[in-house]
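Quick note: the coordinates plus some simple rules give every number you see, no bench work behind them. Computed from a predicted model, the values in this text were never measured in an experiment. As a convention, Cβ positions derive from the backbone with ideal geometry for all residues, glycine included, and neighbour counts pool all protein chains shown.
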Amino acid sequence: MSRRRSVVPRLSRTFLAAGAVLVGAAAAILVVASPAAADVTSRTVVYASTPTNLDDRKQISVTCPTGTVAVGGDAIIVGGNGIPHLTYNAQLPVSNGWNAIAEEHPGYRDGVYTEATEWRLTVHAICVTGVTGRERALYAFLMPAYNNSMWVGVSCPAGKKVIGWGGGISGGPDVRGQFILTAADVSTDLTYVAMQITRAISPGNEALSVGGELWAVCVDPVPGMQYVRANSGSDSEDKAVYLRCPVGTRLYGVNGGSFNGARSVKLEMVIASTSSATVLAREMVYGTSVNWQAFATAVCAP
């Protein structure tokens, strides 16, 4: 059964402690000490893509092969002229795979109204055998009207560790694009995940409320599983953050986002490779002059 937990008190201890480093450098690698359970015996990646077109909303999901279970995934926007942003990137709630949703948020850039070019959305699911005790912990939430930012979080059941995580905004299509999936992070001990949702800067959207979901994929601890993190520097430029797993390990869960983006920074790509990941965070079309950071966080294991 899913476990609902509140979040905010742990954020300052677990997510905000890492200092800024150069883009692509690993800020933290932590071997999680825990009783050994089952090794991962196989790792398979499956993917699916939407058509490339001018639709202003895209959703795509992919299901793992029979005999495997989904532990992580990614979501990638290709094209779009910087207008679309991810609003959902998480495991499927009722089946065995990964799901992504992206929305457009057009607006004025340098005084000119800017719309998206053709774009597509691609999703990958990381499917494994060998893990035991897989359980999905859920926190469902409502972001009320006139609330500009909200952190939510959920913990794994006692004795289990996070191997993958994600979430997003679950309101209707006319509402969802007015909110930004800002960050999805995991604690250093791999027991807790948190996500930030931010209201876009858009006239008239202050009275909108929206729902959302945060998922943690929890398993019996895998021998040698590690927390890995990379942070960007702080400025007002779009950022790609690159992360690599330690030698001898592979990537199973990944996510990321931004800090201090003043309601103006979106998550556009989370790209998972065999032993590395890239997270792209960009400013919304209306931009910001404040300095902000991007980050990527992953779970790696042999």
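With runs of 4+ DSSP H residues as the only contributors, calculate the mean residue ellipticity of the chain at 222 nm using -39,500 (n - 2.57) per run, divided by the residue total and rounded to the nearest 500. Helices in the chain give a 222 nm mean residue ellipticity of -500 deg cm²/dmol.
For Lys161, the aspartates and glutamates whose Cα falls under 12 Å of its own Cα, not counting residues fewer than eight places away in the same chain, are Glu135, Asp189, Asp220.
Positive-end ranking of Leu208, Ser273, Gly133 along the dipole of the chain, with charges on Cβ about the Cα centre, is headed by Gly133. Computed from the Cβ-Cβ distance with R0 of 41 Å, the FRET efficiency linking Asn53 to Tyr242 stands at 0.85. Ranked by the mean number of other Cβ atoms within 10 Å of their residues, highest first, the peptides 178-188, 108-118 come out as 178-188, 108-118.
Of all aspartates and glutamates in the structure, the ones whose alpha carbon falls short of 19 Å from that of Lys58, not counting any fewer than 8 places away in one chain, are Asp74, Glu103, Glu104, Glu115, Glu118, Asp174, Glu213, Glu268.
In which sequence would Tyr227, Tyr192 go, from the one with the fewest C-beta neighbours within 10 Å to the one with the most?
Tyr227, Tyr192
Each peptide in 232-239, 253-260 was scored by the mean count of other Cβ atoms within 10 Å over its residues; highest first, the order is 253-260, 232-239. Once volume of the Cα convex hull per residue in Å³ is calculated for the structure shown, the corresponding label among [x] 190; [y] 114; [z] 142 turns out to be [y]. Convex hull volume of the C-alpha atoms in the stretch 83-190, normalised per residue: 149 Å³.
At the listed q of 0.11, 0.13, 0.15, 0.19 Å⁻¹, the Debye profile of the stretch 142-268, built from one uniform point per Cα, gives log10 I(q)/I(0) equal to -0.44, -0.60, -0.77, -1.08.
In a fully extended conformation the segment linking Arg109 and Asn291 would gain 63.7 nm over its present Cα-Cα distance, using 0.36 nm per residue.
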